[in-house]
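Enquirer: Structure provided below as structure tokens; questions to follow.
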Ligand code: RFL
Ligand code: PHB
């Protein structure tokens, strides 16, 4: 067994793990990242596209914003189409000047990986059997296998940034955690294509045939999504069938402009709301998707991961720069407050914009629930106060500071 030492072991090289590692390294706090997959595999997962101001600022603080600032697109609003009738949510006007950044998660990850490589900081791709050990003691460690050899990294703290299916959350004994979950009765079929997007900003479409989203990555790269039944398969969707269905759900002017082409990625993602409480156990912290999942409708998943990172980063700075070890107990409480806000917003947006009419569930679905949600959407879109509620949560609530 080879033994390594560091201050913080970070499990997972998704955006949470890489961003935390970058911020800590800039403050001189040692860290090692362990990732199960290859770097290319991580970059192959096409996910988020919208960054809140808080995350944009954090990427700037981490010193990895050069390409985002040059190539990312500032969006001042987004459109909601309610069966073809569109309402513009003017984020900029409704929030006193706030906006969001359209810049893909893949690009954020690529920039963070490049910064880590340039600084020659340790990252072990294709690590297997990663396992946090003794997390409630003063000497935790993480064991893993790398290139056929067994390793142990001794550390002070462990950041579990290993996503929903990772090992970190399961390290917390079942009786010490509570998991809240809602599985939605549909998924999102996503297509990425090198075609000019139909719109300069996003269009969220509620439609009797189901939800659709027109998003983008650049002037020549589009990202579109369709609500599909949970048991649907990607193989059931030819590119042609996808474009035909998208056209039906988009508002008429956008549908008329839609440029189609071969898909370069096509996948179905289930929709889930999930929160694990607490997010800290001994010297182990859960960060990002390891602790919580939102349905993508509110564009909150990656942004909640970033706010967790911001909180843990502030805590670790205080631990190492001021010797205040007590402040670690603030992590879960501060992170969860913002998480539940993002969960509520994502759940609300998902309920209003998806078609539930063919679905029967205990407390949602069916014609009555559909009527409630159609009325809810109409009410919020129809008043400036309602649109402000949608805008202010979309741009993101402020990050909370630590208590003294
Ligand atoms: P990730 O990205 O899942 O990364 C976790 C990493 O941990 C590794 N790992 C392990 N490593 C070592 N040992 C183990 N035992 C391990 N188990 C796992 C994994 O290989 C992986 O590399 O979690 P992270 O970093 O917390 O990032 C979270 C975000 O990826 C996620 O919240 C967003 O993508 C969600 N999301 C969106 N968020 C937004 O803010 N805005 C959006 O517009 C948005 N759109 C989306 C989305 C997610 C989607 N899908 C597919 C779920 C659109 C979609 C379709
Ligand atoms: C995306 O571009 O992938 C995207 C944008 C907004 C969302 C979800 C996904 O709400």
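Enquirer: Tell me, what does the Kirkwood hydrodynamic radius of the chain come to in angstroms if you use every pair of distinct C-alpha atoms?
Expert: On the way: mean 1/r = 0.0455 Å⁻¹.
22.0 Å is the Kirkwood radius here.
Enquirer: I've got another one for you. In whole percent, what relative contact order does the chain give with Cα contacts below 8 Å and a gap of six or more residues? Before the final figure, lay out the partial values.
Expert: Values: 834 pairs, mean separation 78.5, N = 404.
In percent, rounded to a whole number, it is 19.
Enquirer: Who wins for biggest fluctuation among 51, 302, 189 in a Gaussian network model of the chain, springs between alpha carbons below 10 Å?
Expert: 189
Enquirer: Right, another one. Sorted from fewest to most neighbouring beta carbons within 10 Å, what does the list 331, 41, 78 look like?
Expert: Numbers: 331 22, 41 12, 78 25.
By the 10 Å Cβ count, ascending: 41, 331, 78.
Enquirer: Ok, one more. Rounded to the nearest 5, what is the percent of antiparallel bridges among the DSSP beta bridges in the chain? Write down the numbers at each step before the final one.
Expert: On the way: 56 of 77 bridges.
Restricted to the chain, the bridges split so that about 75 percent are antiparallel.
Enquirer: Right, another one. Work out how far the C-alpha atoms of the stretch 1-148 reach from end to end along every principal axis, then list the three figures in whole Å, largest first.
Expert: Here the spans come out as 63, 33, 32 Å, largest first.
Enquirer: Relative contact order for the stretch 103-201: what percent, with Cα pairs under 8 Å and sequence separation of 6 or more?
Expert: Values: 72 pairs, mean separation 14.5, N = 99.
That works out to 15 percent.
Enquirer: Next up: Return one quarter of the surface area of the convex hull spanned by the alpha-carbon atoms of the stretch 167-276, equal to its mean projected area, in nm². Please list the in-between numbers first.
Expert: Details: hull surface 34.5 nm².
Seen from a random direction, the Cα hull of the stretch 167-276 projects 8.6 nm² on average.
Enquirer: Additional query: Please sort 266-278, 309-321 by packing, taking for each peptide the average over its residues of neighbouring beta carbons within 10 angstrom, highest first.
Expert: Values: 266-278: 17.8, 309-321: 21.3.
The densest-packed peptide leads the list: 309-321, 266-278.
Enquirer: Angle between the Cα long axis of helix 15-26 and the longest principal axis of the chain, 0 to 90 degrees, nearest 10?
Expert: With rounding to tens, the tilt is 50 degrees.
Enquirer: Going by average Cβ neighbours within 10 Å, how do the peptides 176-183, 224-231, 10-17, 211-218 rank, with the highest at the top? Walk me through the numbers before you get to the answer.
Expert: Values: 176-183: 12.6, 224-231: 20.0, 10-17: 28.1, 211-218: 22.9.
The packing order, highest mean first, is 10-17, 211-218, 224-231, 176-183.
Enquirer: Treat the count of other C-beta atoms within 10 Å as a stand-in for reagent exposure and order 404, 232 from fewest to most. Before the final figure, lay out the partial values.
Expert: Values: 404 6, 232 15.
Listing 404, 232 from fewest to most nearby Cβ atoms yields 404, 232.
Enquirer: Given the stretch 1-78 reduced to its alpha-carbon atoms as identical point scatterers, what log10 I(q)/I(0) does the Debye formula return at q = 0.16 Å⁻¹?
Expert: Each listed q corresponds, in turn, to -0.74.
Enquirer: I'd like the antiparallel share, as a percent to the nearest 5, of DSSP beta bridges with both residues in the stretch 1-100. Provide the component values of the computation, followed by the final result.
Expert: Working: 7 of 11 bridges.
Counting DSSP beta bridges with both partners in the stretch 1-100, the antiparallel share is about 65 percent.
Enquirer: Then there is this: Sort all Cα-Cα distances of the stretch 53-113 into consecutive 5 angstrom bins from zero, then give the percent of pairs in each bin up to the one containing the longest distance.
Expert: 4, 16, 23, 19, 15, 12, 7, 4, 1
Enquirer: Let me know the Rg and Dmax you get for the stretch 84-211 when you use only its Cα atoms, in Å.
Expert: So, for the stretch 84-211, Rg and Dmax equal 21.9, 60 Å respectively.
Enquirer: Now a separate question. If the stretch 355-404 were replaced by its equivalent ellipsoid, with semi-axes equal to the square roots of 5 times the Cα gyration tensor eigenvalues, what would those be, largest first, whole Å? Intermediate values should be presented prior to the final figure.
Expert: On the way: eigenvalues 192, 61, 11 Å².
Result for the stretch 355-404: semi-axes of 31, 17, 7 Å.
Enquirer: Let me ask something else. GNM, the chain, Cα, under 10 Å: largest mean-square fluctuation among 154, 174, 53?
Expert: In this elastic network of the chain, the residue with the biggest mean-square fluctuation among 154, 174, 53 is 174.
Enquirer: Once you have the Kirkwood Rh of the stretch 217-328 from its Cα pairs, apply Stokes-Einstein at 37 °C and 0.692 mPa s and quote D in µm²/s. Please report the intermediate quantities before stating the final value.
Expert: On the way: Rh = 17.8 Å.
The estimated diffusion coefficient comes to 184 µm²/s.
Enquirer: Right, next: Dividing the Cα radius of gyration by the Kirkwood radius, what Rg/Rh value follows for the stretch 241-391? Kindly include the intermediate steps, with their values, before the conclusion.
Expert: Details: Rg = 20.2 Å, Rh = 18.6 Å.
In the stretch 241-391, Rg relative to Rh is 1.09.
Enquirer: Same structure again: Within the stretch 255-289, list the residues whose amide N lies under 19 Å from a label point set 7 Å along Cα→Cβ of residue 241.
Expert: 260-270
Enquirer: Taking a ≥ b ≥ c as the square roots of the Cα gyration tensor eigenvalues, with a/c under 1.5 meaning rounded and otherwise prolate when a/b beats b/c, else oblate, which class fits the stretch 148-196? Numbers along the way, then the final one.
Expert: Values: a/c = 3.34, a/b = 1.49, b/c = 2.25.
Oblate is the answer for the stretch 148-196, as a/c is 1.5 or above yet b/c matches or exceeds a/b.
Enquirer: Using the number of other C-beta atoms within 10 angstrom as an exposure proxy, rank 74, 108 with the fewest first. Don't skip to the answer; put the middle values down first.
Expert: Numbers: 74 13, 108 27.
Ranked by crowding around the Cβ, least crowded first: 74, 108.
Enquirer: Estimate the FRET efficiency between residue 403 and residue 61 by the formula 1/(1 + (r/R0)^6), using the beta-carbon distance for r and 25 Å for R0, to the nearest 0.05. Intermediate results must be reported in sequence, preceding the final value.
Expert: Numbers: r = 21 Å, r/R0 = 0.85.
It comes to 0.75.
Enquirer: Could I ask something else about it? Rg and Dmax of the stretch 224-289 over Cα atoms: what are they, in angstrom?
Expert: Values for the stretch 224-289 (Cα only, Rg and Dmax): 18.4, 57 Å.
Enquirer: Would you kindly compute the Cα radius of gyration of the stretch 101-144 and its largest Cα-Cα separation (Dmax), both in Å?
Expert: Rg then Dmax for the stretch 101-144, in Å: 15.3, 42.
Enquirer: Measuring from centroid to centroid over Cα atoms, what is the spacing of the stretch 38-62 and the stretch 321-392 in Å?
Expert: The two parts, judged by their Cα centres, are 22 Å apart.
Enquirer: Kindly express, to the nearest 10 degrees and within the range 0 to 90, the angle between helix 366-381's C-alpha long axis and the longest C-alpha principal axis of the chain.
Expert: 90 degrees
Enquirer: Let me have the relative contact order for the stretch 213-354, percent, based on Cα pairs under 8 Å that are six or more residues apart. Provide the component values of the computation, followed by the final result.
Expert: On the way: 124 pairs, mean separation 27.0, N = 142.
This gives 19 percent for the stretch 213-354.
Enquirer: Now, a different point. For the modelled label position 7 Å from the Cα of residue 45 along Cα-to-Cβ, which residues of the stretch 129-159 have backbone nitrogen atoms closer than 14 Å?
Expert: Output list for this probe position: empty.
Enquirer: Further, regarding this structure: Any idea what angle helix 331-353 forms with the longest principal axis of the chain, computed on alpha-carbon atoms, 0 to 90 degrees, nearest 10?
Expert: Approximately 20 degrees, to the nearest ten.
Enquirer: Over its Cα atoms, what ratio of radius of gyration to 2.2 N^0.38 Å does the stretch 97-172 give? Each step should come with its number before you reach the end.
Expert: Values: Rg = 16.0 Å, N = 76, 2.2 N^0.38 = 11.4 Å.
Scaled against compact globular proteins, the figure is 1.40.
We did not get these values from a lab; they are worked out from the coordinates using the rules stated. Since the structure is predicted, the reported quantities are computational estimates derived from the model, not experimental observations. All Cβ positions, even for glycine, are placed from backbone atoms using ideal geometry, and neighbour counts span all protein chains on display.
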